[in-house]
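A short write-up of the structure that comes next.
We did not get these values from a lab; they are worked out from the coordinates using the rules stated. Being a predicted model, the structure only gives us computed values, none of them experimental. Positions of Cβ are generated from backbone atoms using ideal geometry, with glycine treated the same way; all protein chains shown enter the neighbour counts.
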Amino acid sequence: MRAWAASGECDAGMRPRPRARRGIVALLLLIPQLTGCYQYVPVVDPQPPVGARVTASLTDRGRMDLADQIGPGVHRLNGTVASSTDSALVRSLRTIEYIDVPVPVNWNGGQLSVSRGLLNDLRERRLSKSRSWLMAGVAVLAVAGMSTVALTGFGGGSDSGHSGGGDTHQ
């Protein structure tokens, strides 16, 4: 018995193969994709339901009127509907996208009442069934492929180890 194996460390044969580890990592990276694919679709109901995730760009007047509350140069508001009337939409803001800032700025639920006349292109986040089924199919194929590779390997080459026997040269 090797000294390092007797000390409690794993034998080299007991460690996961590098390909198996890569497969596990790939599977873990796919898990967020299995939660479904969403898309933003135009709001058809004049009053979107409370709690719906929505996004909207502002009109030029909206940028000017809301500059004191949320800053100048706002391009898009992202959040959930807190309440809705025919004339205004109260939103719990998640992020704000500014024209000159490449990354959305987190607002962590700050509420903002916006007149509907200041909003342009109001869209609601909806689950896309077709995209979700497509992603689920891709994930199943990926898992099947990784399992096959983990079990059989990439090639049909022979093992480098010898299983007993004597010298093959005569």
Problem set entry | Point-to-point label distance, ARG22-VAL44, nm (Cα→Cβ direction, 7 Å offset) | 4.7 nm
For this session: Once you have the Kirkwood Rh of the range 69-124 from its Cα pairs, apply Stokes-Einstein at 25 °C and 0.890 mPa s and quote D in µm²/s.
Result: 211 µm²/s
Seminar exercise, completed: Per the rule of 0.36 nm per residue minus the C-alpha distance, extending THR152 to ALA88 adds in nm 16.9 nm
Exercise. Using the beta-carbon distance between ASP121 and VAL143 and R0 = 45 Å, what value does 1/(1 + (r/R0)^6) give for FRET efficiency, to the nearest 0.05?
Worked result: 0.75
Exercise. If you place +1 on the Cβ of every Lys and Arg and -1 on the Cβ of every Asp and Glu, how big does the dipole about the Cα centre of the range 38-126 come out, in debye to the nearest 20?
Worked result: 260 debye
Exercise. How large is Rg/Rh for the range 35-111, to two decimals, with Cα atoms and a Kirkwood Rh?
Worked result: 0.96
Exercise. Considering amide H positions built from the backbone, and no H for Pro or chain starts, which residues 5 or more places from THR59, or on another chain, come under 5 Å of its amide H?
Worked result: LEU119, ASN120
